[in-house]
Amino acid sequence: MTTYNVAVMGGDGTGPEVVREAVKVLDAAAKRFNFKLVYTDYDLGGERYLRTGEVLPDSVLEELRKFPVILLGAIGHPGVKPGILEKGILLRTRFELEQYINLRPVKLYDERFCPLKDKRPEHIDFVVVRENNEGLYTGAGGFVFKGTPNEIALQESVNTRRGVERCLRYAFDLARKRRKNNKLTLSGKTNVLTFAFDLWERAFHEIGQKDYPDVTRDYAHVDATTMWFVKNPEWFDVIVTDNMFGDIITDLGAMLQGGMGIAAGGNINPKGTSMFEPIGGSAPKYTNQGVINPLAAICAGQMLLDFVGETKAAKAIEDAVIKVTREKLKSLAAGKMGYSTCQVGDLVAGTL
Ligand code: IPM
Ligand code: MN
């Protein structure tokens, strides 16, 4: 029987609760499709930091490298200054494990939960491929004359040909694989970021012309992209963009599919350790109340299985999530689902 080793990082706030439900569903899928999942828990996050001062010990990072996949709950603790855990755990893992793709599907399962008028599941089904290792996130920059009236703060966007190219190629491949419209939209800001997005745009057309002539290339400025998300989301198939823009537009994307309660993503290293997570935060005010929606984490589990090659099991999880969403849930929002966190997990596992 095939066995997969999964590192589990519940993290902060409601992270551990939703991960528990994801594991429940993963186990149900493993049972039905005849494979085995072996979990190793890692205690990382705000509580550990406050207790020990440790964020992500090097030794833990080295252990994580040995896993094919990581399931992450959420990072972010109200008692810790913003940035310490996010950069120290989440971003460091994304960077050091070279998870250079942040894959964020935007798919509406039930029109009751879409905030857009007259948009139905057939209108909202696209994927954002967010570059995950470069851009404004790399931390290049600094202060000059800090704390004085002449202070200068620089935060530089890093865009390498190699980094941009591998991201674009992933997105082109995905556009082909999805067999929707065979279309890839580059979302950028070529009218203002005339260096960074010049590189992106040149690489986009060069690679597209040479290696993906069958994929239709489209371009939209990022501000216009947010407008089209609301006006004509059905135009999109695969969108590729840089790290910062991808961060921003995927929160909007999450709302189109019904909110943070259902939005999942994968931090992908196609040849290494990939990490899957619900894209919402740790929602500390809901911690341990049994009200948080675990579907995003469950969908992260679905993406994890798809990544390791258990595509049938992944599809079955998605089908179960759709069924439960459509037939049972009153809402996708915390505390309004009509069921507890654990009951939603049971419903999906039961449907499987
Ligand atoms: C996300 C989050 C992170 C990001 C934060 C927590 C660092 O917003 O995964 O989208 O900006 O990438
Ligand atoms: Mn974000």
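A few comments on the model shown:
- Number of residues in the range 270-287 that are touching a residue at least 24 places away in the same chain (Cβ under 8 Å), more than 13 Å from the chain's Cα centre (by Cα) and away from ligand 2 (no atom under 15 Å from the Cβ) equals 6.
- Residue check, residue 211 of a type in the set (D, E, K, R) and either touching a Gly at 6+ places or on another chain (Cβ under 7 Å) or free of Cβ contacts under 8 Å to residues at least 40 places away in the same chain (or both): no
- A search for C-beta distances below 7 Å between a residue of the range 76-93 that is touching a residue at least 40 places away in the same chain (Cβ under 8 Å) and any residue that is assigned to a helix (DSSP H, G or I) and within 13 Å of ligand 2 (Cβ to nearest atom), counting only pairs 6+ apart in sequence or on different chains, returns 76/86; 91/137.
- Some residue of the range 214-221 being surrounded by 17 or more Cβ atoms within 10 Å (Cβ to Cβ), in contact (Cβ under 8 Å) with a residue 24 or more places away in the chain, part of a helix (DSSP H, G or I) and not small (Gly, Ala, Ser): no
- The numbered conditions (1) over 19 Å from residue 265 (Cβ atoms); (2) within 16 Å of ligand 1 (Cβ to nearest atom); (3) in a helix (DSSP H, G or I) are all true for residue 80 except (3).
- Residue in the range 85-102 that is at negative phi, within 12 Å of ligand 1 (Cβ to nearest atom) and of a type in the set (Val, Ile, Thr) present: yes
Results for (1) within 22 Å of residue 351 (Cα to Cα); (2) over 22 Å from the mean Cα position of the chain (by Cα); (3) modelled with pLDDT under 95, shown as yes or no for each residue.
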site	(1), (2), (3)
7	no, no, no
22	yes, no, no
42	no, no, no
50	no, yes, no
77	no, no, no
83	no, no, yes
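- Only listed residue being aliphatic (A, V, I, L, M), touching a residue at least 24 places away in the same chain (Cβ under 8 Å) and either within 16 Å of ligand 1 (Cβ to nearest atom) or out of contact with any Ser or Thr (no Cβ under 6 Å at 6 or more places or on another chain) (or both), chosen from 320, 313: 313
- Residue 264 small (Gly, Ala, Ser) and either more than 16 Å from ligand 2 (Cβ to nearest atom) or within 19 Å of residue 317 (Cα to Cα) (or both): yes
- In summary, residue 316 fulfils each of the numbered conditions (1) out of contact with any strand residue (DSSP E or B) (no Cβ under 7 Å at 6 or more places or on another chain); (2) within 16 Å of ligand 2 (Cβ to nearest atom); (3) farther than 15 Å from residue 17 by Cα with the single exception of condition (2).
- Residues satisfying the stated conditions in the range 275-287, i.e. assigned to a helix (DSSP H, G or I) and surrounded by fewer than 17 Cβ atoms within 10 Å (Cβ to Cβ): 284, 285
- Top-ranked residue of the range 227-254 - restricted to ones that are away from ligand 1 (no atom under 16 Å from the Cβ), of a type in the set (D, E, K, R) and part of a helix (DSSP H, G or I), ranked as surrounded by the fewest Cβ atoms within 10 Å (Cβ to Cβ): 231
- None of 224, 171, 203 is more than 15 Å from ligand 2 (Cβ to nearest atom), touching a residue at least 60 places away in the same chain (Cβ under 8 Å) and either under 27 Å from residue 119 (Cα atoms) or in a helix (DSSP H, G or I) (or both) except 171.
- For first residues located in the range 26-38 and within 15 Å of residue 345 (Cα to Cα), partners that are in a helix (DSSP H, G or I) and lie 6+ apart or on another chain with Cβ distances below 6 Å form the pairs 26/301; 28/349; 29/313; 29/317.
Residues checked against (1) polar (S, T, N, Q); (2) in a loop (DSSP other than H, G, I, E, B); (3) surrounded by 16 or more Cβ atoms within 10 Å (Cβ to Cβ); (4) in contact with a Cys (Cβ under 8 Å, 6 or more places away or on another chain):
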position: 73; (1), (2), (3), (4): no, no, yes, no
position: 76; (1), (2), (3), (4): no, yes, yes, no
position: 98; (1), (2), (3), (4): no, yes, yes, no
position: 103; (1), (2), (3), (4): no, no, yes, no
position: 112; (1), (2), (3), (4): no, no, no, no
position: 117; (1), (2), (3), (4): no, yes, no, no
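- Condition met for residue 307 (at negative phi, more than 16 Å from ligand 2 (Cβ to nearest atom), touching a residue at least 60 places away in the same chain (Cβ under 8 Å) and of a type in the set (Phe, Trp, Tyr)): yes
- Here the condition is being surrounded by fewer than 24 Cβ atoms within 10 Å (Cβ to Cβ), in a loop (DSSP other than H, G, I, E, B), among the small types (Gly, Ala, Ser) and within 16 Å of ligand 1 (Cβ to nearest atom); of 290, 272, 259, it holds for 259 alone.
The values are calculated or read from the model by the stated rules, or taken from the named source; none is laboratory data. Predicted, not measured: the structure shown is a model, and the values here were computed from it. Quick reminder, even Gly has a Cβ in these numbers, built from the backbone with ideal geometry, and neighbours come from all protein chains shown.
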